[in-house]
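Read through the structure below, which is laid out as structure tokens, and then see the notes.
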Amino acid sequence: MAQTKARKATVKKASARAATKAVVADTRRRDPEVAAWLAREIAEQEKRYKKIVREMDALEQRRRRWILEFYERIQTRGYSIHAGLRRKVAASEIPPLPKGKIRVVW
């Protein structure tokens with residue numbers, strides 16, 4: 001029984017070493033042309049991302065105004081519950097605006 005456990009442990013260690021070697025041996029170098037293309041694509045995507053971030057940041061004040069208008073609308077006009085039924089939201093139920101920048105996920 002002790003020999004069986006020892007053998008199983010040895011097999012596990014050997015298979016772990018073989019798996020590690022297989023992963024290390026599988027690392028391949030990229031073709032320089034592919035690496036250059038990849039670098040260009042990454043640069044273009046980062047440029048597009050920065051442009052989107054600038055546009056989203058430029059809307060910060062308008063976004064705050066939209067939120068305040070929405071809060072006012074649901075307090076005065078309310079929102080539809082069912083068919084013609086509307087519910088007005090009390091001022092105590094309205095959450096405060098965030099103190100920092102409003103994070104937008106797109």
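Numbers at a glance
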| item | result |
| --- | --- |
| E72 over 15 Å from V105 (Cα atoms) and of a type in the set (D, E) | yes |
| Which listed residue, of I42, I52, I94, is β-branched (V, I, T) and exposed (fewer than 11 other Cβ atoms within 10 Å of the Cβ) | I42 |
| Pairs where the first residue, in segment 18-45, is of a type in the set (D, E) and at pLDDT 60 or above and the second is part of a helix (DSSP H, G or I) and surrounded by 10 or more Cβ atoms within 10 Å (Cβ to Cβ), C-beta under 9 Å, 6+ apart | none |
| Test: residue in segment 58-69 that is among the basic types (K, R) and not in a helix (DSSP H, G or I) | no |
| Segment 49-60 residues that are over 11 Å from R103 (Cα atoms), paired with ones that are modelled with pLDDT under 90 and loosely packed, with under 11 Cβ neighbours inside 10 Å (beta carbon under 8 Å, 6 or more apart) | I52/W106 |
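The values are calculated or read from the model by the stated rules, or taken from the named source; none is laboratory data. What you see is a predicted model, and the numbers here were worked out from it, not measured in a lab. Ideal geometry is used to build each Cβ from the backbone, glycine not excepted, and the neighbour counts take in all protein chains shown.
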